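Heads up: the structure comes next, in C-alpha cells.
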Amino acid sequence: MADNTTSLGSLLTDGSIAGAYALNIADRNSFLEHPVIRESFIADLAGQKSTTAEKSAYGFGANGMASVAEGDTTTGTAIANAALTATVAPWSLMREVTTLAQSIIGDPLSAANIIGADLALSATASLMNQICAVIDGFTNTETDTGADLTLAHLLSALGTFSANNMRGPIMSVLHSVQWSQLSTDIATSGSGSIQFSTDGAELARYSGGAFKGSFLGVDFFSSNRVVMSGGADRAGALFGPDGIVWATATPTVDSPAQQALFGAGLLPMLVDIDRAGATGVTALTGRIYTGVSKGLENGVSIITSAT
C-alpha cells in the first residue's frame, strides 16, 4: 500500500519555499519586473467564469479641437477604442525524484529546492517564452534580413515608434546575438558623439543579467528566448505599455494536504505532490495558468540576422 499523502503536506508549508519562489520569479535574468510588462497585465481570472481576460483602451487626447465660427454647431467626434484580450491556458512541469537519489544527493533534490528554485524558474521561463513569441507580430517592423543590427536600425525603429504616436516608457527585448551586434556597433562605429558617450561606454561593458542598460530612452533586455523569423533572422522588438497584454488565473487549492499555492498576486503557481510508496518516487508538479497576446500597435518588431 502506498504511503498516505496526507503525511507529505508539511513539505509544502515550509515558509522558506514561498520566499525562494518570490525571489526566483524576480530573477535578474527575467524582464518580467519592468513597468511596461506590469502595466500590460490585464487581470487574474480566478472566479471570473472565463478563460479570456479583456480590458478596454481609449484614444483619450488623440483628437485636437477644431476651429468653429461663433454660433456654429459642433459635431461629435467618436473616441477611438479597442478591446485587448488574452486567453489563459495551463502550463506545467513535473519532476520525479526517487528516495535513493534524494538520499544520496540531499538538499539540491529536496522538495523545497525543486519548488523554490527549479519550478519557479520554469514558471518564469514559460511566461517569457510566451511574450517573446508575440513581439515579432507588430505591424510596424524594422527589418534587414541577414544583416547585423546597427544603431541606424535602432534609430529607424525609434523614428517609426514616434511617427506612429506610440507611447512610452519603452523597453526592448532582443536576442543576445542582436544585442551583441547593436552594442558593438554603438561602441565602435557610433560616429563619435554616441560612440564615446557615457551611455555608449556603459552599453559596451559586459552585464551578466538580462537587463543591459538604458539608451536613447529605451531599457534594453537580452534574451535567447527571442524567436526565429524565417531561417536566418531573430525577431526582437521595442514596445511600450499594452503592446503586449497578458493575464493569469490563480489556481484553486482543493486538496491542501497535497497541494500548495505559491506567488499569489505575482505569477501564481500550484504545486501538487504525489508519493508512490510502491516505487519510492515523489513527484512534484508545478502548474501556472497564463496567456499572452499582442495588444495595441504600440511597438516595432526588429528583425535582423540571427548569427
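Please calculate how many Å² of accessible area the chain carries per residue, with a 1.4 Å probe and no DNA, RNA or ligand atoms counted.
48
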Fill in the blank from the handout: Between the Cα axis of helix 120-132 and the main Cα principal axis of the chain, the angle (0 to 90°, nearest 10) is 30
Handout entry: Cut-off under 5 Å, modelled amide H: who pairs with residue 215 long-range
Key = 220
Problem - Convex hull projection area averaged over all views, segment 49-142, Cα basis, nm² - result: 12.6
Fill in the blank from the handout: Taking the chain and counting helices only, DSSP H stretches of n ≥ 4 at -39,500 (n - 2.57) each over all residues, the nearest-500 ellipticity at 222 nm comes to -6500 deg cm²/dmol
Exercise for the section: With a 1.4 Å probe and every protein chain kept in, tell me what percent of the accessible surface of the chain is carbon plus sulfur. Expected result: 53
Exercise for the section: Any lysines with Cα under 21 Å of the residue 294 Cα? List them, leaving off those in the same chain fewer than 8 positions away. Expected result: 55
Handout entry: Karplus 3J(HN,Hα) series, Hz, for segment 294-306 with 6.51 cos²θ - 1.76 cosθ + 1.60 (x for Gly, Pro)
Key = 5, x, 6, 7, 10, x, 10, 6, 10, 10, 9, 3, 8
Practice task
Starting from the amide H of residue 244, placed 1.01 Å from N in the peptide plane, find each other amide H under 5 Å away whose residue is 5 or more places distant or on another chain.
Solution key: 295
Problem - Rounded, prolate or oblate (a/c below 1.5 giving rounded, otherwise prolate when a/b exceeds b/c) for segment 235-307 by Cα gyration tensor - result: oblate
Fill in the blank from the handout: To the nearest 10 degrees, the tilt of helix 151-163 (Cα long axis) against the first principal axis of the alpha carbons of the chain is 80
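The values are calculated or read from the model by the stated rules, or taken from the named source; none is laboratory data. In this text the structure is predicted, and so the values were computed from the model without any measurement. Just the protein is used for accessible areas: all its heavy atoms, side chains included, with ligands, DNA and RNA removed. Shrake-Rupley method; radii C 1.70, N 1.55, O 1.52, S 1.80 Å.
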